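The values are calculated or read from the model by the stated rules, or taken from the named source; none is laboratory data. Remember, it's a predicted structure, so these values are computed and weren't measured experimentally. Don't worry about glycine lacking a Cβ; one is built from the backbone with ideal geometry, like all the others, and counts go over all protein chains shown.
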Ligand SMILES: [Zn+2]
Ligand SMILES: [Zn+2]
Ligand SMILES: [Zn+2]
């Protein structure tokens, strides 16, 4: 029982810090924020809670270009991301031609229940003007 309670507290802490983060963050980054404010949470626990939030549809996860797993508290429903690889600013992109393309290509190959993940990385306007 005490274990359940502690897990709930940790889940809430991870959820709250994820919601405050600007754009996508790694487990390591969230872990540093939590440790800085005096939390005794472990890195493995941060990872596990992020995975659970993602599983529950409360967070999105993606892999950065250098292979790191990143997480973000997102709106629900299917969407894509446009991410600045310099500052991490993230825009949610709702509908696009990708939807129609994906189901057409799937159908052409006899596949059904097609799912896709499309995330775009670039440099945002603000970072570009800084360069
Ligand atoms: Zn998202
Ligand atoms: Zn930027
Ligand atoms: Zn899509």
Residues of segment 105-121 satisfying the condition of being exposed (fewer than 12 other Cβ atoms within 10 Å of the Cβ), at pLDDT below 95 and more than 16 Å from ligand 1 (Cβ to nearest atom): 112, 113
Some residue of segment 81-88 being more than 16 Å from ligand 3 (Cβ to nearest atom), in a strand (DSSP E or B), at pLDDT 90 or above and touching a strand residue (DSSP E or B) at 6+ places or on another chain (Cβ under 8 Å): yes
Segment 64-80, residues that are assigned to a loop (DSSP other than H, G, I, E, B) and either within 16 Å of ligand 2 (Cβ to nearest atom) or touching a helix residue (DSSP H, G or I) at 6+ places or on another chain (Cβ under 6 Å) (or both): 64, 65, 73
Residues that are closer than 16 Å to residue 118 by Cβ and either crowded, with 18+ Cβ neighbours inside 10 Å or not assigned by TED's automatic domain parsing to the domain that holds residue 127 (or both), drawn from segment 83-96: 83, 90
Yes/no for residue 52 being more than 16 Å from ligand 1 (Cβ to nearest atom), part of a helix (DSSP H, G or I), in the same structural domain as residue 9 (by TED's automatic domain parsing) and without any contact (Cβ under 8 Å) to a residue 12 or more places away in the chain: no
Any pair with Cβ under 7 angstrom, 6 or more apart, that starts in segment 110-131 at a residue that is under 22 Å from residue 66 (Cα atoms) and ends at one that is exposed (fewer than 11 other Cβ atoms within 10 Å of the Cβ): 121/65
